[in-house]
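Everything on this sheet refers to the single structure shown next.
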Amino acid sequence: MAGAATTTAFGQVVIGPPGSGKTTYCLGMSEFLRALGRRVAVVNLDPANEGLPYECAVDVGELVGLSDVMDALRLGPNGGLLYCMEYLEANLDWLRAKLDPLRGHYFLFDCPGQVELCTHHGALRSIFSQMAQWDLRLTAVHLVDSHYCTDPAKFISVLCTSLATMLHVELPHVNVLSKMDLIEHYGKLAFNLDYYTEVLDLSYLLDHLASDPFFRHYRQLNEKLVQLIEDYSLVSFIPLNIQISPELTTASPPLFAEEVRPRANICAYPPPPSMWDAYHSMACQAVPRPHPGSKPANPGPPRSGMCELNHCTTGPAPLPFLMPHFSPLK
């Protein structure tokens, strides 16, 4: 669109480890947005993603394929995927030519699941940065499988990975615990769910790890990792079950600036003030109540029940929307 006035576009880059539910999330979010009457364009940036369940507006497989790269360069899956992203970075004119006709759509970018791309490799960050120069305002939605909550050691590892991703990607960022419908099948949680979503006092996790003879030898290392996470104080999570469409429809609208607090290079774009009350009412009605008998024995640290949107006391804090960049509904 060189030489022409461009329209500001908005969207989400959906990132996270393999199997965290990125493609399913893109499918569910695209259906939700279309139900609201919005035009949506789902962009597949994962060259290893085959058999896409959603209608794909742009597919990076048309530019480069993982299997072709692996065969031609004799690379493994990890090396091949890194090469594909570097190839896309070197051919961004192709991507821009595909995206420009879709101005006016809300974008969902289904990204590769290789962790290195979001923690220290520069290709994906460079692509996001370049898209920002095309007047694409993006939010990173980082999905993490909720089963990591059932293992304190894994949860500390996830916190470190999420923190590294937030600092590396340099976009407005939302961490999401996915597959919440399956969390009871993974095992009993040591603390209430709020403890994991709000990342409360992590010393409780250290005490829990100390009961394991193996991790007892690494207490000092775990203390340093926990101290690093708490010193930055950036990481928190939003629980999500993408399979329940009524929950998604009613729980999604409000993600205001208070919900995505300014962190590092993070900012949020709230909807107009005239819409706040309506979205807040919908959110408070959408908070899922715990199933009878499902409350863990150890409640964990106490947490205020006040709603974080405007500090009202009408109910628990609502599940925030995963779309901080808001453009008017058409």
Practice prompt. Might you let me know whether region 215-235 holds any residue that is touching a strand residue (DSSP E or B) at 6+ places or on another chain (Cβ under 7 Å), part of a loop (DSSP other than H, G, I, E, B) and touching a residue at least 12 places away in the same chain (Cβ under 8 Å)?
Written response: yes
Worksheet item: From the list Leu202, Leu221, which one is over 26 Å from Ala48 (Cα atoms) and open to solvent by 10 Å² or more (accessible area, probe 1.4 Å)?
Response: Leu221
Discussion item. Suppose the filter is surrounded by 12 or more Cβ atoms within 10 Å (Cβ to Cβ) and assigned to a helix (DSSP H, G or I); does Gly11 pass it?
Written reply: no
Worksheet item: Could we say that Gly51 is at positive phi, within 13 Å of the chain's Cα centre (by Cα) and of a type outside the set (Val, Ile, Thr) here?
Response: no
Worksheet item: Any idea which of (1) within 23 Å of the chain's Cα centre (by Cα); (2) open to solvent by 50 Å² or more (accessible area, probe 1.4 Å) is the one Asp59 doesn't satisfy?
Response: (2)
Worksheet entry | Yes/no for Leu124 being of a type in the set (A, V, I, L, M) and under 17 Å from Val13 (Cα atoms) | yes
Response to the item:
In the set Leu88, Leu82, Leu36, Leu95, the lone residue that is closer than 30 Å to Phe237 by Cα and surrounded by 18 or more Cβ atoms within 10 Å (Cβ to Cβ) is Leu82
Discussion item. Condition first: within 21 Å of Asn192 (Cβ to Cβ), at pLDDT 85 or above, among the hydrophobic types (A, V, I, L, M, F, W, C) and surrounded by fewer than 17 Cβ atoms within 10 Å (Cβ to Cβ). Now tell me which residues in region 224-249 satisfy that.
Written reply: none
Discussion item. Tell me yes or no: at least one residue of region 105-113 is open to solvent by 10 Å² or more (accessible area, probe 1.4 Å), aromatic (Phe, Trp, Tyr), within 23 Å of Leu52 (Cα to Cα) and at pLDDT 95 or above.
Written reply: no
Fill in: Residue list for region 186-199, filter: surrounded by fewer than 18 Cβ atoms within 10 Å (Cβ to Cβ) and in a helix (DSSP H, G or I)
Tyr186
Worksheet item: Does at least one position in region 40-54 carry a residue that is over 22 Å from Cys118 (Cβ atoms), of a type outside the set (Gly, Ala, Ser), touching a strand residue (DSSP E or B) at 6+ places or on another chain (Cβ under 8 Å) and open to solvent by 50 Å² or more (accessible area, probe 1.4 Å)?
Response: no
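The values are calculated or read from the model by the stated rules, or taken from the named source; none is laboratory data. In this text, all values refer to a predicted model and were calculated from it rather than measured experimentally. So basically every Cβ, Gly included, is an ideal-geometry build from the backbone, and we count neighbours across all protein chains shown. When the accessible area is computed, the model is the full protein with side chains, heavy atoms only, and any ligands, DNA or RNA have been set aside. Shrake-Rupley method; radii C 1.70, N 1.55, O 1.52, S 1.80 Å.
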